[in-house]
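Single-structure report; data block below.
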There are 2 protein chains.
Amino acid sequence: MALKKGENLLEANETVLHQYYVTQGCLRTYFIDQSGKEHTLQFAINDWWISDYTAFFSKSQAIMNIECIQDASLYKISKKGMEELFLKIPQLETFFRKKMERAFASFQKRILSGLSQSAKERYLSFIKTYPNIEQSVKNYHIASYLGITTESLSRIRRDNAKK
Amino acid sequence: MALKKGENLLEANETVLHQYYVTQGCLRTYFIDQSGKEHTLQFAINDWWISDYTAFFSKSQAIMNIECIQDASLYKISKKGMEELFLKIPQLETFFRKKMERAFASFQKRILSGLSQSAKERYLSFIKTYPNIEQSVKNYHIASYLGITTESLSRIRRDNAKK
C-alpha cells in the first residue's frame with residue numbers, strides 16, 4: 001500500500017489490526033499527552049516494522065498515532081494472518097520472535113538512554129540509529145523524540161557542528 | 001537456584017548465557033553510567049523473568065548488572081536450551097513470543113512515561129506496576145528507576161500521603 005506525506009496510518013483510539021513493513025519512505029509513531037503535547041516514540045524507514053504494538057498484541061485500542069512524514073510504500077499483515085502463517089510455517093514464528101527480541105533490545109537501549117544520557121548524547125545516539133533521516137523529518141519531530149525543545153535541539157546541533 | 005540479598009546474579013561485561021524466572025524474592029536490573037551513577041531499568045518479583053535481554057539475545061556481554069535485593073528463588077534457562085525446547089515443543093515458542101510481546105509493550109509504556117509524565121505520575125505508575133514492592137526495596141532503587149533524586153522521591157511521597 002502507498003501513503004502520502006501528511007496522511008495518517010493510524011490514529012489514537014482506533015482498533016489496531018495490522019502491523020506494517022516499510023519498504024520506502026518514513027513514518028513516525030507519536031503519543032499526544034493530556035496537555036496536547038506530542039511525544040515521538042519511534043521513526044520507521046526502509047525495512048523497519050511499525051504499529052502501535054501494545055494495542056496490536058493485546059487487540060486493544062491505539063494510544064499512539066502513526067503519521068507518514070515522507071511518501072511511503074508499506075506491506076501490512078494482520079494478527080490473525082500472522083497466527084495462521086505461524087501454524088503453517090513455524091520458521092516464520094522464529095523469524096518474528098527474533099525480530100521482537102531485537103525490537104525489545106532497542107527499546108531497552110532507549111529507556112537507558114533516557115535515564116542516563118544528556119540531551120546531546122541522546123541526539124548523537126539518534127543520528128546513529130536513524131542515519132540520513134534528518135533531511136526527511138521536521139525539527140519538532142526529532143525534539144519530541146529526544147524529549148527536549150526545538151531550541152535545545154538547535155543549540156546541540158550548533159555545538160556539534162563546531163567540532 | 002537460590003540467591004541471598006546483596007548477591008549479584010549478573011555483572012556488567014559478563015557473557016549472558018541465561019534468563020531467569022523468579023518464583024520468590026526480588027531482584028533489580030541496573031546500569032552504571034560513566035559517572036558511576038546507577039539507573040534501575042527493571043525490578044523482578046514473583047513470576048517475572050529477568051536477564052540483560054539485549055546481551056542474552058545477541059550473545060554479547062552484559063551492560064547491565066542484576067542484584068538480588070530480597071532473598072530469591074529462581075529457575076534459569078539457557079538460550080541453547082530454549083532453542084532446543086522450541087524445536088521439540090513449538091507451543092513453547094508461541095508462549096515465549098507472547099511473553100516477549102507483553103514485555104515489549106511494558107517497555108513502550110515505560111518510554112512514553114519517561115517522555116510524557118511528571119515525576120509524580122511516574123511514581124504512581126511505578127506503585128501500580130510493582131504493588132507491595134516498596135517495603136522490599138531501598139529508596140535509591142526507586143529513585144534511580146524513576147530518574148529522580150531520593151529527595152524528590154520523599155517529597156512526592158509526602159505530597160501523596162497528604163491526600
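The values are calculated or read from the model by the stated rules, or taken from the named source; none is laboratory data. Only a predicted model underlies this, so the values are computations on that prediction, with no experimental measurement involved. All Cβ positions, even for glycine, are placed from backbone atoms using ideal geometry, and neighbour counts span all protein chains on display. Note: accessible area is taken over every heavy atom of the protein model, side chains too, but ligands, DNA and RNA are not part of it. Shrake-Rupley method; radii C 1.70, N 1.55, O 1.52, S 1.80 Å.
Some points to look at:
- Unmet requirement for B:Ile69, which otherwise passes all of (1) part of a helix (DSSP H, G or I); (2) crowded, with 17+ Cβ neighbours inside 10 Å; (3) of a type in the set (A, V, I, L, M): (1)
- Within the range A:118-138, the set of residues being within 16 Å of A:Leu41 (Cα to Cα) and of a type in the set (Ser, Thr, Tyr) comprises A:Tyr123, A:Ser125, A:Thr129, A:Tyr130.
- Restricting attention to the range A:10-28, the residues that are in contact with a Ser or Thr (Cβ under 9 Å, 6 or more places away or on another chain) and in a strand (DSSP E or B) add up to 11.
- You will find that of B:Phe43, B:Phe31, B:Phe56, the residue that is buried (at least 16 other Cβ atoms within 10 Å of the Cβ), at the interface with another protein chain (Cβ under 10 Å from one of its Cβ atoms), part of a strand (DSSP E or B) and in contact with a strand residue (DSSP E or B) (Cβ under 9 Å, 6 or more places away or on another chain) is B:Phe31 and no other.
- Criterion: open to solvent by less than 60 Å² (accessible area, probe 1.4 Å), touching a helix residue (DSSP H, G or I) at 6+ places or on another chain (Cβ under 6 Å) and part of a helix (DSSP H, G or I) - qualifying residue of B:Ile127, B:Ile156: B:Ile156
- Residues in the range B:93-113 that are more than 18 Å from A:Lys79 (Cβ to Cβ) and either assigned to a loop (DSSP other than H, G, I, E, B) or open to solvent by 50 Å² or more (accessible area, probe 1.4 Å) (or both): B:Ser106, B:Lys109.
- Every residue from the range B:6-28 that is open to solvent by 80 Å² or more (accessible area, probe 1.4 Å) and under 11 Å from B:Ser73 (Cα atoms): B:Gln24
- Number of the exception - A:Ala143 against (1) in contact with a Ser or Thr (Cβ under 9 Å, 6 or more places away or on another chain); (2) more than 20 Å from B:Gln117 (Cβ to Cβ); (3) among the hydrophobic types (A, V, I, L, M, F, W, C): (2)
- Counted residues, the range B:130-149 - those being in a helix (DSSP H, G or I) and either within 13 Å of another protein chain (Cβ to nearest Cβ) or open to solvent by less than 50 Å² (accessible area, probe 1.4 Å) (or both): 6
- Here B:Leu74 meets each of (1) closer than 25 Å to B:Ile133 by Cα; (2) open to solvent by 30 Å² or more (accessible area, probe 1.4 Å) with one exception, condition (2).
- Among residues of the range B:140-163 that are within 18 Å of B:Arg110 (Cβ to Cβ), those with a beta-carbon under 8 Å from a residue that is among the acidic types (Asp, Glu) at least six positions away or on a different chain give the pairs B:Ile142/B:Glu134; B:Ser144/B:Glu38.
- When B:Lys162 is tested against the conditions (1) loosely packed, with under 13 Cβ neighbours inside 10 Å; (2) in contact with a helix residue (DSSP H, G or I) (Cβ under 9 Å, 6 or more places away or on another chain), the lone failure is (2).
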